[in-house]
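The structure under discussion appears below in the form of structure tokens.
Rule-based calculations on the coordinates, nothing more; no lab input. Everything quoted here is computed from the prediction, not taken from an experiment. Cβ placement follows ideal geometry from the backbone for every residue including glycine, while neighbour counts extend to all protein chains displayed.
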């Protein structure tokens, strides 16, 4: 399982509730120093953006975090050349000792036609960008810089929006954070106004990532639960039952959403699905029968 991506001697990761998150389908562009990767987000859980240098880069570094298309105040950090450990952005810094934590949040929907499709969404929902710059520290004990803004509150979006089911970031209640001092830093050279590395984390719910084929399904149907000559392992059976239950819940939610979108009853959606399943079954049986001379076509019954 990949929990860390690296480029240009730098690494980055996302932690959810204090644990490294799985990173999916990473893509790298060494020419521009850009990494893109998918993150399965969980609504209601806090997260942090982490990065470190893998080896000596020969200068101080500054990192800037942008969330959902907006730079968040208090997330510009400078790391001295001697620091090789992980640097963590866990929230919007509100003072030298307090912060409001980052938290994944599910966008709520409505069928109110007066609400525009994307009216209340941030510029780039579901995206965390970490940019790292080569800098030089020019002044110590500078006042704590809290420029930028908090993620804007996200209201309702229309149920026909393509962004239905997406996650955005909200801030939790203010809490005590690790104390931090502030310095004044400037780009190391005129060329360093451009980041030396950019990490783009695109976060979506696990259901959306599975539907897109980015995240593997819960249940591997190619693995049989029964073992020849052995008794079934109770842990395997329990795991399979839990996965099947999760799939059933996801299917029920999908059917209810489809019924709402088509403005018909849930029973009618289930009937349509059953009819389509029956047609697929008959087609497969007919193909199988055609390969066996003298067999009876199901459509003749």
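Using the Cβ-Cβ distance between residue 25 and residue 84 with R0 = 35 Å, the FRET efficiency computed as 1/(1 + (r/R0)^6) comes to roughly 0.80. The slack between residue 139 and residue 175, meaning 0.36 nm per residue of separation minus the straight C-alpha distance, is 10.1 nm.
At an R0 of 25 angstrom, the distance between the Cβ atoms of residue 277 and residue 214 translates into a FRET efficiency of 0.45. Multiplying the residue separation of residue 261 and residue 17 by 0.36 nm and removing their Cα-Cα distance gives an extension gain of 84.4 nm. Model label sites at residue 2 and residue 71, defined 7 Å from Cα along the beta-carbon direction, differ in position by 2.9 nm. For residue 240 and residue 207, the difference between the fully extended length at 0.36 nm per residue and the C-alpha to C-alpha distance is 10.1 nm.
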